[in-house]
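The values are calculated or read from the model by the stated rules, or taken from the named source; none is laboratory data. Fair warning: this is a prediction, and the values are worked out from it, not measured in the lab. Reconstructed Cβ throughout: ideal geometry from the backbone, glycine too, with neighbour counts over all protein chains shown.
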Amino acid sequence: MDTLDAAWRASMKRVVLQSAACKHEAMKLWKMEAHLEQQSKKPFPWGFFIALAVLGIIYANKHDIKIFSTPSMQDIHNQVAQDAVKQFGIASQSGNAMDVCVQAGLVKAAYLQAQNAKEYASWVDVEKNSCKRAGLPR
């Protein structure tokens, strides 16, 4: 009976040790789950993104970078005039005399629209000379 009792005790000891090991593993899993749950409940770091946006706006203003502004009508008129000058250059290089005359008139009109009196006056002379070469007196 002593051997049976010793075998039973050894068997029970193994069961208890296995049970303890399972409890230990279960405890580790529970702690990991609790940690993950706590991580998922952390608030979104809005402050960081707001601070980053504010710093970006300050940087843009300091370096004269336009973020929220649209070009003014004067900026658009000036750009149209600059484009007309480029088109005149193309016509001067590869167009005939009539094309150059017409483009000079368009540049003159663009500067008139932009209310740039100095450039307008100079392009009146350019148009006269270009149209004279094309056989159209102005």
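Pairing residues of the range 60-78 that are outside any loop (DSSP other than H, G, I, E, B) with residues that are modelled with pLDDT of 80 or more and of a type outside the set (Phe, Trp, Tyr), at Cβ distances under 6 Å and at least 6 apart in sequence or on separate chains, gives His77/Gln113; His77/Ala114; Asn78/Ala114. For the range 67-113, filtered to residues that are farther than 21 Å from Gly135 by Cβ and of a type in the set (Asp, Glu), the residue that is farthest from the chain's Cα centre (by Cα) is Asp83.
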